[in-house]
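A short write-up of the structure that comes next.
Read-outs: derived from the displayed coordinates by stated rules, not from any lab. Keep in mind it's a predicted model, so treat the numbers as computed, not measured. Positions of Cβ are backbone-derived with ideal geometry, glycine not excepted, and every protein chain shown enters the neighbour counts.
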Amino acid sequence: MTGFSRLLPALLMATAPLAVLPVVAAEEAAPAPAVDANAVAETYAALLERDYVYPDTGRRYAAAIRAAIAAGRYAPLTGAALGTAIDADVSAVSPDGHLRVRAPDNAAPAPGGAAPVKRPPRVPVEQAGWIAPGIAFVRFNVFPNDPAVTATAAKFMADHADARAIIFDIRTHGGGGMDQMDVIFPWLFAKETRLVTMATRASVDAQGGSPIDGIPSMRKVAGAAGMVTREHWAMPNGDARLRDARIYVLTSGATASAAEHFSLAMKHTGRGVLIGDPTAGANHFGRGEELGGGFTGFIPVGRTYDPATGQDWEGVGVLPDIAVPPADALVRALTELGVDAAEAKRLSDAHMPSAPMERRKGRVRAPAR
């Protein structure tokens, strides 16, 4: 999802004891190894051909990349320019909201492009608490694979179990996994409820590479040939206090991947009302892979979809129930709950996200474990 991405983490260098080293003349120092652009591209092509969620599209991606290799287009490129060129060739075959080749952090920007801006890590949870009498509010910016964040989400639900309404603000939510969802959903449903369906390439599942295998809320079911299909279920926790609470979900064009999974689950089941803009349209879930030379690529290996229609949201997003500009979504939710318009505007201003509320290429996190 998701779909639902974490690229391989950087290794931390341990501090070594001080040692006396021999002096080496500058001319004797070994030069840094050059990146073989064609090898990076071929590794990506092979992975897409083997594992991409749609086998035929994966083969077409691989053919386009190999044609560019044969034409010599990649060989002179380095850094971000190489990643940009490969991305362009792949997108020309079939756009995918998760596909991206990422250059090493210290790589030069593409010609004409700005140097990458290093942003601080996004805070997963913000402004959790009571926003008005009987109304709880929480903003999730990401669903990380982090037990501490999962515990925070669980505590928020328990601490606000007497709410008459909960507003989930996911207008700046870039994606992630399912851990936090699986401590939220048990509070909201009176009976076991099928939320969404997720299908993974059978070849990936057979390798033990499915990012959703082994999750307790997932149930394997019969599905399309060549795919392993699982359904995501909400499992009630036995506490009925929030079963009738009104649920609002605030969305924008920056609501991506796992956040779209959350949105579709609320919309498909009728449990929550979506307010804002259509979501980003980045459906496919998968995993990060090393491509060599410090380059990494995200390989979408599955898709998440509405079990009633079989439709996913790739390229189109999950549509809101109430369409308003994202900046006005909280005002609308609060007035729907009976808060005076002037007070709703004041509260909205005080709870406005600081991150952009529109889709930014390459900012999607897909479910991965």
For a footprinting-style exposure proxy, rank E358, E336 by other Cβ within 10 Å, fewest first.
E358, E336
Amide H to amide H under 5 Å from V101: which residues, 5+ apart in sequence or cross-chain, H placed 1.01 Å off N in plane?
D87
In sequence order, what are the phi-derived ³J(HN,Hα) couplings for region 132-140 according to the Karplus relation 6.51 cos²θ - 1.76 cosθ + 1.60 with θ = phi - 60°, rounded to whole Hz, with x for glycine and proline?
7, x, x, 10, 9, 9, 8, 10, 10
Long-range amide H contacts for L291: which residues qualify at under 5 Å (H placed 1.01 Å from N, peptide plane, sequence gap of 5 or more or a different chain)?
T296, G297
In this structure, the FRET efficiency calculated for R194 and M352 from their beta-carbon separation, with R0 = 30 Å, to the nearest 0.05, is 0.30
Have a look at the DSSP beta bridges in region 187-325 and tell me what percent are antiparallel, nearest 5.
80
If amide H atoms are built 1.01 Å from N in the plane of the peptide, which residues on other chains or at least 5 residues away come under 5 Å of the amide H of V125?
N141
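Arrange the following residues from fewest to most other Cβ atoms within 10 Å of their Cβ: M227, M198, M266. Please report the intermediate quantities before stating the final value.
Working: M227 20, M198 31, M266 24.
Neighbour counts put them in this order, fewest first: M227, M266, M198.
When only DSSP loop residues count, what trypsin sites (Lys or Arg not before Pro) in region 142-238 have their Cβ near at most 15 other Cβ atoms within 10 Å?
On the way: sites: K155, R164, R171, K191, R194, R201, R219, K220, R230; in loops: R164, R171, K191.
The qualifying sites are R164, K191.
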Quick one: work out the % antiparallel among DSSP beta bridges in region 80-230, nearest 5.
65
